[in-house]
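Q: Below you will find the structure I want to go over with you.
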Amino acid sequence: MPGLYFQLRGFVAVRMIIVMVAAFLFCVSADAQECFRTSVLTPTPLMGNQGEIFRTAEGDLYEVVGSYEYLYAYYPNVTICPSRGKMLVEGKTVGIVAAQTTGRQPPVSSKAPAPKGRGVAASITIVFRKRGCDYFLADGPRGLYILEWYGGHDPDRGDGILGDIDGYGFKDVLYTGGADGRVYVEEYLLSKDRALEELAEKCR
């Protein structure tokens with residue numbers, strides 16, 4: 001009987017672990033799915049100012065709220081996070097609210113650049129952060145980045161940044177945990193050796 005008792009306890013423990021892991025993966029998936037990539041077809045240009053109504057490649061309509069960015073962006077690729085009320089476009093965070101959604105797939109357009117597809121937004125992952133230094137190393141679609149923290153959420157290793165970071169300079173970003181922040185892109189398209197060398201120089 002004691003042997004059967006311990007076998008049952010072991011079985012219950014394994015089942016509990018499976019349930020906990022499944023719940024964790026479900027939460028991670030839900031967090032990732034709340035943002036998606038698309039492109040804006042109209043108006044042209046997109047300004048990103050309060051009250052502006054814009055249409056995405058899927059035909060969804062959104063309204064800009066609480067932002068005045070004067071972007072003059074023509075058919076931009078964007079990352080939209082409806083549950084957060086935010087859109088990332090050309091390094092800026094714009095407040096948005098859904099006006100009409102269809103759930104359709106993006107149509108083919110000869111003018112607008114093709115978005116990378118609706119679904120989980122590609123993220124840039126922070127791979128190295130030295131304590132006491134505002135610079136950190138991130139890995140993403142454009143190779144290794146050296147970014148400098150300039151406000152908002154103070155990220156750490158393993159944090160993800162939603163959307164693409166294109167070009168140098170200041171960028172508004174959204175992190176996968178739900179927080180937002182601001183970074184300065186010092187370098188990108190770096191090899192591992194070059195990135196570590198640059199980071200060591202900046203974090204002396």
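The values are calculated or read from the model by the stated rules, or taken from the named source; none is laboratory data. Here the structure is a predicted model, which is why all the values come from computation and not from measurement. All Cβ positions, glycine included, derive from the backbone under ideal geometry; neighbour counts span all protein chains shown.
Q: How about the stretch 66-90: which of its residues are of a type in the set (Ser, Thr, Tyr), in contact (Cβ under 8 Å) with a residue 40 or more places away in the chain and more than 13 Å from residue 35 (Cα to Cα)?
A: Those that are of a type in the set (Ser, Thr, Tyr), in contact (Cβ under 8 Å) with a residue 40 or more places away in the chain and more than 13 Å from residue 35 (Cα to Cα): none in the stretch 66-90.
Q: A further question follows. Quickly run through the stretch 178-204 and pick out the residues that are farther than 14 Å from residue 138 by Cα and touching a helix residue (DSSP H, G or I) at 6+ places or on another chain (Cβ under 8 Å).
A: 178 - this is the single residue of the stretch 178-204 that is farther than 14 Å from residue 138 by Cα and touching a helix residue (DSSP H, G or I) at 6+ places or on another chain (Cβ under 8 Å).
Q: Note down all Cβ pairs under 8 Å where the first residue falls in the stretch 166-184 and is in the same structural domain as residue 135 (by TED's automatic domain parsing), the second is among the polar types (S, T, N, Q) and part of a strand (DSSP E or B), and they're at least six residues apart or on different chains.
A: Note: pairs meeting the criteria are 172/93; 173/93; 174/79; 174/93; 176/123; 180/93.
Q: Name the residue, out of 161, 146, that is at pLDDT 95 or above and not assigned by TED's automatic domain parsing to the domain that holds residue 41.
A: 146
Q: So, restricting to strands (runs of 3 or more DSSP E) that lie completely within the stretch 40-109, which ones have at least 3 residues that are among the β-branched types (Val, Ile, Thr)?
A: 77-81, 92-100
Q: How many residues does the stretch 42-66 hold that are touching a Lys or Arg at 6+ places or on another chain (Cβ under 6 Å) and surrounded by fewer than 17 Cβ atoms within 10 Å (Cβ to Cβ)?
A: Total satisfying the criteria: 3.
Q: Shifting gears a bit: Mind listing whichever residues of the stretch 45-67 are of a type in the set (D, E, K, R), touching a Leu at 6+ places or on another chain (Cβ under 8 Å) and over 17 Å from residue 79 (Cβ atoms)?
A: Within the stretch 45-67, 52 is the sole residue that qualifies.
Q: (1) buried (at least 18 other Cβ atoms within 10 Å of the Cβ); (2) closer than 22 Å to residue 183 by Cα; (3) modelled with pLDDT of 95 or more; (4) not charged (D, E, K, R): which one isn't true of residue 77, the others all being true?
A: Status for residue 77: all satisfied but (3).
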